[in-house]
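First up is the structure itself, then whatever we jot down about it.
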Amino acid sequence: MKSETGKQRILVVGDVAIIALALAHALETAGFEVIGPAPFVVKALALISSGRCDGAVLDINLRGETSEPIARELKAGLALTAPFRCANYVNVTYIYIEVTLCT
């Protein structure tokens, strides 16, 4: 579903500002409306509750907490299975969680 601007809304969550802002810029350049970036869980959950989103890019490790509560909140509203790509400095892991694209 598209926003009033006609663009799909993507939530960006990341605690490293330069990376989150670069990602947000790339998504905007690609034609998406960006929600955030949110640097921590509480802010991301507030953004989710304040409006619809069509997808999300989540940093897994957020300054001592994980983005799992955000993924669970997204899952509660989505009906599709979406891949989550999780990365750290050592390796890359792929996990699949049933997630709903906030509609």
>> Go through region 1-18 and report how many residues are touching a helix residue (DSSP H, G or I) at 6+ places or on another chain (Cβ under 6 Å) and either more than 17 Å from ALA71 (Cβ to Cβ) or small (Gly, Ala, Ser) (or both).
In response: 1
> Does region 19-48 hold any residues that are of a type outside the set (A, V, I, L, M, F, W, C) and touching a helix residue (DSSP H, G or I) at 6+ places or on another chain (Cβ under 8 Å), and which are they?
Replying inline: GLY36, PRO37, PRO39
> VAL42 fails exactly one of the following numbered conditions: (1) modelled with pLDDT under 90; (2) in a helix (DSSP H, G or I); (3) not polar (S, T, N, Q). What is the number of that condition?
Replying inline: (1)
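For region 1-39, which positions are assigned to a helix (DSSP H, G or I), hydrophobic (A, V, I, L, M, F, W, C) and either free of Cβ contacts under 8 Å to residues at least 24 places away in the same chain or surrounded by fewer than 18 Cβ atoms within 10 Å (Cβ to Cβ) (or both)? Can you show your working first?
In the first step, residues of region 1-39 are kept if they are assigned to a helix (DSSP H, G or I); the result is 17-29.
Then keep just the ones that are hydrophobic (A, V, I, L, M, F, W, C); that gives 17-24, 26-27.
ALA17, ILE18, ILE19, LEU21, ALA22, ALA24, ALA26, listed by residue number.
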>> For the structure I just gave you, tell me whether ILE48 is at pLDDT 80 or above and assigned to a strand (DSSP E or B).
In response: no
> Given the structure, is PRO69 without any contact (Cβ under 8 Å) to a residue 40 or more places away in the chain and buried (at least 16 other Cβ atoms within 10 Å of the Cβ)?
Replying inline: no
>> Return the residues of region 16-59 that are closer than 20 Å to ALA76 by Cβ and among the β-branched types (Val, Ile, Thr); say none if nothing qualifies.
In response: ILE35, VAL41, VAL42, ILE48, VAL57
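The values are calculated or read from the model by the stated rules, or taken from the named source; none is laboratory data. All values reported here derive from a predicted model rather than from experimental measurement. For neighbour counting, all protein chains shown are included, and Cβ atoms are generated from backbone atoms with ideal geometry for every residue, glycine included.
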